[in-house]
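Take a look at the structure below.
Nothing in this text is a laboratory measurement; each read-out follows from the coordinates by a stated rule. Model, not experiment: these values are computed from the prediction. Positions of Cβ are backbone-derived with ideal geometry, glycine not excepted, and every protein chain shown enters the neighbour counts.
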């Protein structure tokens, strides 16, 4: 048995985990929590930061969350995406509107942004101004309150420029949902190292298959998927390749990597219409 101690100001709590050599799931052992990047490490880190009232929201409204997540998506560093979305959100507030034209958004994104005291340019101004304008218009037909987490993700995936990862990010933030996962490169690398995902895992082709594996991993560790996702992302994005090599558990705790189920060659926009139906049947 492993014991993790957490707390502050003289108030302590304890988390007991199985021995490092015990199996967490087929092909994957728990590992030692003091070794970075092991299953036990991620479960203990999630436990340390979790709280009943944990809030993931970046913004106050669904419209603002869509702006932030779409502009902060693939290829945009987090700080740059936040600066870009803040400019667009302020523009929406100034005109008291929930939509802007593609031309208006392009003009906003084309001006240099100030990030950490220096001027930077948003690389995707042309493409994402079109996506965002169309998504904000389409968002008006989505009744958020009448949809569960997966149905809301389905609806968001019908909007231009929003696939399962961005839609899951929005839903996780809005609902603190443990029914979805934000499978960006940092999460994939962490899961590949543990053997939860196979080496070379590709969310662009196998998003829901990989998501099921991630949620199964979290469930077996009795950790909230939303919190594990956040902890993995915030930890992995700060580690360069040299540091990763230094932190890898010297005695890996996984055996043969577990293969994924077969998956057809379908795009995420089509896949979301069918795969989420199967996800709702998951127990």
task: State which residue is nearest to residue 127 (Cα to Cα) when the search covers only segment 144-167 and only residues that are part of a loop (DSSP other than H, G, I, E, B) and under 16 Å from the mean Cα position of the chain (by Cα).
output: 162
message: Whether any residue in segment 174-195 is in a helix (DSSP H, G or I) and under 22 Å from residue 140 (Cβ atoms) is what I want to check.
response: yes
query: Which number in (1) within 24 Å of the chain's Cα centre (by Cα); (2) part of a helix (DSSP H, G or I); (3) more than 29 Å from residue 209 (Cβ to Cβ); (4) free of Cβ contacts under 8 Å to residues at least 60 places away in the same chain marks the one condition that residue 136 misses?
result: (4)
